[in-house]
1. From the residues in segment 23-43 that are modelled with pLDDT under 95, more than 15 Å from M1 (Cα to Cα) and of a type in the set (A, V, I, L, M, F, W, C), which one is surrounded by the fewest Cβ atoms within 10 Å (Cβ to Cβ)?
2. For segment 3-22, give me each residue that is aliphatic (A, V, I, L, M) and surrounded by fewer than 11 Cβ atoms within 10 Å (Cβ to Cβ).
3. Which of the residues belonging to segment 51-69 are on the phi > 0 side of the Ramachandran plot and at pLDDT 95 or above?
4. Does A48 meet the test of being among the hydrophobic types (A, V, I, L, M, F, W, C) and at pLDDT below 90?
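The values are calculated or read from the model by the stated rules, or taken from the named source; none is laboratory data. All values reported here derive from a predicted model rather than from experimental measurement. Heads up, the Cβs are rebuilt from the backbone with ideal geometry, glycines too, and the neighbour counts pull from every protein chain shown.
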Amino acid sequence: MASARRSAEIIDKLNKEINAGLADPRLRTRLSELGGMMLTGSPADFGAFISDETQKWAKVVKFSGAKAD
């Protein structure tokens, strides 16, 4: 993640480099061993993922009646 104030140029460069790193089988193996989740794609793909996850877990929290302390 990066600040929304970052330029599109910087975001695109970070995205390109992160996706390249995640293509390395050694890194994928190590992240998997650590319980990491590997998601590749565009910044828009990541934004959609975050939005979907937020909506999904909001329903779970509301249904459970959980409250923040």
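1. A23
2. Those that are aliphatic (A, V, I, L, M) and surrounded by fewer than 11 Cβ atoms within 10 Å (Cβ to Cβ): A4, A8.
3. None; the set is empty.
4. no
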